[in-house]
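Worksheet: the structure to be examined is printed underneath.
The values are calculated or read from the model by the stated rules, or taken from the named source; none is laboratory data. Worth saying up front: this structure is predicted, and the values here are computed from it rather than measured. Glycine also receives a Cβ, built like all others from the backbone with ideal geometry; neighbour counts cover every protein chain displayed.
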Amino acid sequence: MEGRDAALAAVLKKRWRIGATLTAVMMLAYFGFILLVAFGKEEAGTLLADGRVSVGIVVGAIVIVIAPVLTAVYVRWANRVYDPAIDAARKRG
Amino acid sequence: MTEGSSSVAIAWFLGFVAITLGITYWAARKTRSTRDYFAAGEAISAVQNGFALAGDYMSAASFLGIAGLVATSGFDGLIYSVGWLVGWPVITFLIAEPLRNLGKYTFADVVAYRLRQRPIRIAAAASTLTVVTFYLIAQMVGAGNLIRLMFGLSYETALIIVGSVMLAYVLFGGMIATTWVQIIKAVLLLLGATLLAVLVLAQFGMNPLALFAAAKEQYGTGVLAPGKLVANPLEAISLGIALMFGCAGLPHILMRFYTVPDAKTARRSVAYATSLIGFFYLVTFILGFGASVLVGRKAIIAVDAGGNMAAPLLAGVLGGTGFLGFISAVAFATILAVVAGLTLSGAAALAHDLWGHVVRKGKVDEREQLKVARLATVGLAVLAICLGLVFQGQNVAFMVGLAFSIAASANFPALLLSMLWRRFSTRGAVASMVTGTVSSLVLITLSPTVWKDLLHNGEAIIPLKNPGIITVPLSFLVAIVVSLLTPEPEAQAGFDAAQRRMTFGPEDSLPG
């Protein structure tokens, strides 16, 4: 009993840890973008690709793309690791 | 707007209303219990809920407003798009699954799970209704103005149409009808916006860079660089905090996770929603630039100073009257769907939290609760129309920011701590929710937007337009300090059971 509960507790803890880490990554990306726009107006306005796009637009677009990508990373982990662990614990019960 | 496009728009809109009312009729026959009325019988699939979540979230403000902001100021519009999106991963990582497993119809179910029911329900219902009311005002006033612009109807007529069609959806079809309205609206909006973006890009060899270059040619390099929107970094971060955590505290969004059968589906549905919404914001960015180049800023501002007509005008230039009519009808449908979702979540707070758990103390008859829910729906619809009339002609754009601020500071901390922290107490939760609601309201009243621009009281007392950077940490702090000062042994004892249920869901919550 003790061992099983410990294994389950470890997986639960891991879910919160992964959730918190990914949240932190998202915050870093987003607030990084905001800080770039707020403090680095020059840098954000730097032109790229023969002057057809700016650093700010590229970074903003990347942050938009990061959101679903991080979500996909989490869902993949949860489907592959978390769900089987929970199912196993449920069966044992 | 011309005669021709008006009649096409009206035809499309009537088609949308006819189909959705048909669905409402079908949904009404399936709606027998509160579980059907509030949670669509928990029978919505991951893809369906993904579209419905996106439908609930992609308001006319984000479609017309962001496209307009990009059209009139270029890069700055992107700052909003990014902000509106980044809350979604947070919902996925922290909230969606435990919420689904622990709750039934409202987020208060989760907070109250091991705490004392009545105080939590009252505080949560109060914050929910405050968020819903401000969100509704913003939507209704926006609806009145836009429909007047697009269809030539009077402001009052527009409000009555929106209010009564929405009432029909929610009153008779409950969550089943509301979900399908959201799905259809999301599909139409995504299709319309994507088609429009493809037509724009076709003018530029399918290369967004050529579009940006053309905008730069016309309006100078500034169009690709940060402009005046972020003048004060603290301001930007404060708004960012409200947007990021407010999303995970919006009652009408949280309620959607109860419409799916289990936590796994909830998780997948929010992943779909995040992709759809992210894609949508990339598309609106293209539309905004397209409008500034192909319609021209002068022409856009001539029609509406806020730039809200940028996307419809662009549709007119690229696809003719028919397409302009289609896009206008989609914008109308968008408002209708968002208002329906808000009303239903308000009705759930009134009928489930207040009537069911406070007045009837958890012992409530199904039929009675359904009746109360429907009465609440009618009341909210009337309230929405009245608020729309009262706030006619006012600048209500700040109210969405206010709704996000209250959601982020009143709902999100209580929700997160109730899931994570054993020592969280009833008093801590109530104090946190009250602090979040009241401090947001007070600080927004003292902010430049209300104090200076709206009330003309001279310089604002608080320099921040959105108080998120103060209210969110304050609400967490109050929750923690009050909980530590008022230990609640019963709540701590219930933590393990709550953890098990959060993990395994309602049916088989007890392994070992």
task: Just name the residue that is nearest to the other protein chains (Cβ to nearest Cβ) out of those in the range B:206-221 that are closer than 11 Å to A:VAL53 by Cα and touching a helix residue (DSSP H, G or I) at 6+ places or on another chain (Cβ under 8 Å).
output: B:PHE212
- prompt: Any idea how many residues of the range B:207-232 are under 18 Å from B:SER405 (Cβ atoms) and outside any loop (DSSP other than H, G, I, E, B)?
  reply: 0
message: Here is a check on your reading of the model: is B:LEU239 more than 9 Å from every other protein chain (Cβ to nearest Cβ) and either touching a Gly at 6+ places or on another chain (Cβ under 6 Å) or within 28 Å of B:PRO89 (Cβ to Cβ) (or both)?
response: no
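Return a yes/no flag: does the range B:152-170 have any residue that is polar (S, T, N, Q), out of contact with any helix residue (DSSP H, G or I) (no Cβ under 7 Å at 6 or more places or on another chain) and over 17 Å from B:ALA28 (Cα atoms). Spell out the reasoning first.
Narrowing the range B:152-170 to residues polar (S, T, N, Q): B:154, B:157, B:164.
Filter once more, keeping what is out of contact with any helix residue (DSSP H, G or I) (no Cβ under 7 Å at 6 or more places or on another chain): B:157, B:164.
Those left that are additionally over 17 Å from B:ALA28 (Cα atoms): B:157.
Looking for residues that are polar (S, T, N, Q), out of contact with any helix residue (DSSP H, G or I) (no Cβ under 7 Å at 6 or more places or on another chain) and over 17 Å from B:ALA28 (Cα atoms), one finds at least one in the range B:152-170, hence yes.
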query: Right, B:ALA273: within 30 Å of B:LEU416 (Cβ to Cβ) and within 11 Å of chain A (Cβ to nearest Cβ) or not?
result: yes
- request: Run down B:GLY174, B:GLY152, B:GLY142 and say which single residue is buried (at least 22 other Cβ atoms within 10 Å of the Cβ) and over 26 Å from B:PHE257 (Cα atoms).
  value: B:GLY142
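Does B:GLU459 meet the test of being at pLDDT 90 or above and either surrounded by 14 or more Cβ atoms within 10 Å (Cβ to Cβ) or away from chain A (no Cβ under 14 Å) (or both)?
Values: at pLDDT 90 or above: no; either surrounded by 14 or more Cβ atoms within 10 Å (Cβ to Cβ) or away from chain A (no Cβ under 14 Å) (or both): yes.
It is false that B:GLU459 is at pLDDT 90 or above and either surrounded by 14 or more Cβ atoms within 10 Å (Cβ to Cβ) or away from chain A (no Cβ under 14 Å) (or both).
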task: Residue by residue through the range B:29-49, note down the ones that are of a type in the set (Gly, Ala, Ser), surrounded by fewer than 20 Cβ atoms within 10 Å (Cβ to Cβ) and at pLDDT below 95.
output: B:SER33, B:GLY41, B:ALA43
- request: Within the range B:80-95, identify whether any single residue is surrounded by fewer than 24 Cβ atoms within 10 Å (Cβ to Cβ) and of a type in the set (Ser, Thr, Tyr), and answer yes or no.
  value: yes
- prompt: Looking only at the range B:303-331, which residues are surrounded by 24 or more Cβ atoms within 10 Å (Cβ to Cβ) and either without any contact (Cβ under 8 Å) to a residue 12 or more places away in the chain or under 16 Å from the mean Cα position of the chain (by Cα) (or both)?
  reply: B:ALA331
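Just one of A:ILE57, A:ILE64 is at the interface with chain B (Cβ under 8 Å from one of its Cβ atoms) and either more than 16 Å from A:LEU22 (Cα to Cα) or outside any helix (DSSP H, G or I) (or both); which is it? Full working, then the answer.
Values: A:ILE64 fails: either more than 16 Å from A:LEU22 (Cα to Cα) or outside any helix (DSSP H, G or I) (or both).
When all the criteria are applied, what remains is A:ILE57.
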- request: Only residues in the range B:281-297 that are surrounded by fewer than 22 Cβ atoms within 10 Å (Cβ to Cβ) count as the first member; pair them with residues that are outside any helix (DSSP H, G or I), Cβ under 9 angstrom, at least 6 apart or cross-chain, and list the lot.
  value: B:LEU294/B:GLN203; B:ARG297/B:GLY307
task: Take the range B:1-18 and flag every residue that is touching a helix residue (DSSP H, G or I) at 6+ places or on another chain (Cβ under 9 Å) and modelled with pLDDT of 85 or more.
output: B:ALA11, B:TRP12, B:PHE13, B:LEU14, B:GLY15, B:PHE16, B:VAL17
query: Taking the range B:67-96 as the search range and keeping residues that are among the aromatic types (Phe, Trp, Tyr) and part of a helix (DSSP H, G or I), which one is nearest to the other protein chains (Cβ to nearest Cβ)?
result: B:PHE93
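Just for the range A:6-15: of the residues that are within 23 Å of A:ALA72 (Cα to Cα) and more than 7 Å from chain B (Cβ to nearest Cβ), which one is nearest to the chain's Cα centre (by Cα)? So that I can check it myself, show each step before the final result.
Residues of the range A:6-15 within 23 Å of A:ALA72 (Cα to Cα): A:10-15.
Within this subset, residues satisfying the condition of being more than 7 Å from chain B (Cβ to nearest Cβ) are A:10-11, A:13-15.
Working: A:ALA10: 20, A:VAL11: 18, A:LYS13: 17, A:LYS14: 14, A:ARG15: 13 Å.
For the range A:6-15, the residue satisfying everything is A:ARG15.
Being among the hydrophobic types (A, V, I, L, M, F, W, C) and surrounded by fewer than 21 Cβ atoms within 10 Å (Cβ to Cβ) is the requirement here; does B:LEU53 meet it?
So B:LEU53 fails the test.
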statement: Of the residues in the range A:16-36, those that are more than 8 Å from chain B (Cβ to nearest Cβ), within 25 Å of B:GLN499 (Cβ to Cβ) and not polar (S, T, N, Q) number 2
Contacts under 9 angstrom Cβ, first residue in the range B:477-501 being more than 14 Å from chain A (Cβ to nearest Cβ), partner charged (D, E, K, R) and part of a helix (DSSP H, G or I), 6 or more apart: B:VAL482/B:ARG427; B:SER483/B:ARG427; B:LEU485/B:ARG427; B:THR486/B:ARG427; B:GLU488/B:ARG427
field: Residues (among the charged types (D, E, K, R), more than 7 Å from chain B (Cβ to nearest Cβ) and either touching a Lys or Arg at 6+ places or on another chain (Cβ under 9 Å) or over 17 Å from B:LEU209 (Cβ atoms) (or both)) located in the range A:37-52
entry: A:GLU42, A:GLU43
